[in-house]
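The values are calculated or read from the model by the stated rules, or taken from the named source; none is laboratory data. All figures in this text were calculated on a predicted structure; none of them were measured in a lab. A quick note on method: Cβ atoms are made from the backbone with ideal geometry, for glycine too, and the neighbour counts reach across all protein chains shown.
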């Protein structure tokens, strides 16, 4: 099942994607899409709805962030072997965690704003894990049962802010619009193996990233278990699981994204998001 939110910013409605790829309007059945929507009982109720009986959304309608009420955005650094190699970094012995501000949340087709003074804009295509069931001190064997859905997140980064302005991830990772999420939430029954998904990024149609989640240093189940040892994971929390090789900062010379360029990210089974990078005013 693919769950979406569609409509103008601030006025999005809940919807489902039918087998033909059309958006169906869930208004009247669901007030909104939150972490609570991804709990097992709620998902079972949604799956029982006759999708073909739902009204069609307007063709070409804007897609918003596929859920609201997102709690934590937890990001894992250096979690793909080939990406660590391209950056001349050692592989971590434990997951490298940083947080991304919720004010960075952005729609999957909305513009990404290039901050004033920025000179090193980058992208990071990532599998996003959306928690659907409370997780605290969970085992790795039980970890995937706490996943409500998967989606795509672009961990947009400004590398100079990140590395040369005091060495802080937060400044380089949390700019306004720096977290495009979507296009939709895909429930776990549609993803047979989260460690066998191809991840692709193109800039203006030119291939930049082409990886597979099997290259992760720490797989999804390990990340959920690991993080749950330090704090509780709640429905609606998101784990951005790291990015494969091919980021702009890893190119020689670097291929920083400029104003007007379009970044397109796709992951097997999760659809595609597309963002135009534009100068902030």
Residues satisfying the stated conditions in the range 61-106, i.e. over 19 Å from residue 162 (Cα atoms) and free of Cβ contacts under 8 Å to residues at least 24 places away in the same chain:
93
I need a count of the residues in the range 182-211 that are under 24 Å from residue 82 (Cα atoms) and either modelled with pLDDT under 95 or buried (at least 17 other Cβ atoms within 10 Å of the Cβ) (or both).
11
Looking only at the range 228-260, and only at residues there that are crowded, with 20+ Cβ neighbours inside 10 Å and farther than 23 Å from residue 82 by Cα, the one that is farthest from the chain's Cα centre (by Cα):
228
Select from the range 12-39 the residues that are touching a helix residue (DSSP H, G or I) at 6+ places or on another chain (Cβ under 9 Å) and loosely packed, with under 12 Cβ neighbours inside 10 Å and list them in ascending order.
19
Given the range 23-107, what strands (runs of 3 or more DSSP E) lie entirely inside it while holding 1 or more residues that are assigned by TED's automatic domain parsing to the domain that holds residue 233 and in contact with a strand residue (DSSP E or B) (Cβ under 7 Å, 6 or more places away or on another chain)?
73-77, 96-99
